[in-house]
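For reference, the structure is listed below as structure tokens.
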Amino acid sequence: KKKKRNREKRERERQRSEEMGRIFTVELEGRSYRCRFCRTHLALPDDLVSRSFHCRRGKAYLFNRSVNISMGPLEERMMLSGMHTVADIFCCCCGQNVGWKYESAHEKAQKYKEGKFVLERGRIVDEIDLSTEVYIDTHGSTSDTEDS
């Protein structure tokens with residue numbers, strides 16, 4: 001609970017600073033999903049609700065929370081699941097569109113999406129994706145028994 005309060009406090013501070021013309025980003029602790037273009041932290045795996053969303057560009061993930069984003073204007077958009085009021089969301093550092101936020105759902109069965117964030121899989125990277133450095137030993141090794 002303390003981490004959540006600290007995270008929310010940092011988010012409020014970032015929003016206030018953004019209004020004053022400076023951008024401060026929230027650095028999430030542990031594994032996180034990041035902007036593919038500038039590596040800014042966007043969401044935590046603990047906030048992941050579903051991996052089974054789709055968008056025009058491919059797969060997408062639904063999250064309870066997202067940080068370091070700015071929102072575009074609200075608009076009515078017809079989705080595969082019906083009409084929704086949504087706002088595109090952008091990385092606050094590089095400005096790339098990374099997904100959208102559901103503000104309201106017009107159908108009762110879709111109300112669970114309200115207030116949640118969709119991050120497009122092709123526009124984010126998991127921290128695990130970033131650890132692609134692999135050391136390959138190209139020199140043959142010998143065991144102790146071969147040395148004798």
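The values are calculated or read from the model by the stated rules, or taken from the named source; none is laboratory data. Predicted model, so just to flag it, every value in this text is computed and none were measured. Cβ atoms come from the backbone with ideal geometry, glycine included; neighbour counts cover every protein chain shown. What goes into the accessible areas is simple: the full protein's heavy atoms, side chains included, and nothing from ligands, DNA or RNA. Shrake-Rupley method; radii C 1.70, N 1.55, O 1.52, S 1.80 Å.
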**Report entry** Computed over region 17-94: relative contact order in percent, which uses C-alpha pairs under 8 Å that are six or more apart
**Finding:** 24
Query raised in the report: Short version: ³J(HN,Hα) in whole Hz for each residue of region 114-125, in order, from phi by Karplus 6.51 cos²θ - 1.76 cosθ + 1.60 (θ = phi - 60°), x for Gly and Pro, what are they?
Result: 4, x, 9, 10, 10, 10, 6, 4, x, 10, 10, 10
Requested in this report: For residue 96, list long-range residues whose amide hydrogen, built 1.01 Å from N in the peptide plane, is under 5 Å from its own amide hydrogen.
Outcome: 91
Query raised in the report: What does a probe at residue 39 reach in region 47-78, counting residues whose amide N is under 19 Å from the point 7 Å along Cα→Cβ?
Result: 67-69
Report task. Go through region 91-104 residue by residue and turn each phi into a ³J(HN,Hα) via Karplus (6.51, -1.76, 1.60, θ = phi - 60°); whole Hz please, and just put x for glycine and proline. Result -> 4, 6, 8, 9, x, 5, 5, 10, x, 8, 10, 7, 8, 8
Query raised in the report: Can you pull the percent of region 49-126's accessible area that's carbon plus sulfur, 1.4 Å probe, other chains left in place?
Result: 51
Report summary line: Diffusion coefficient in µm²/s returned for region 49-126 by Stokes-Einstein, Kirkwood Rh over C-alpha pairs, 37 °C and 0.692 mPa s, is 262
Query raised in the report: Taking 0.36 nm per residue of separation and subtracting the Cα-Cα distance, what length does fully extending residue 51 through residue 74 add?
Result: 5.9 nm
Report summary line: residue 94 and residue 81 label points (each 7 Å along its Cα→Cβ direction) are spaced in nm at 2.7
Query raised in the report: So for the pair residue 103, residue 29, with labels modelled 7 Å out along Cα→Cβ, what separation do we get in nm?
Result: 3.4
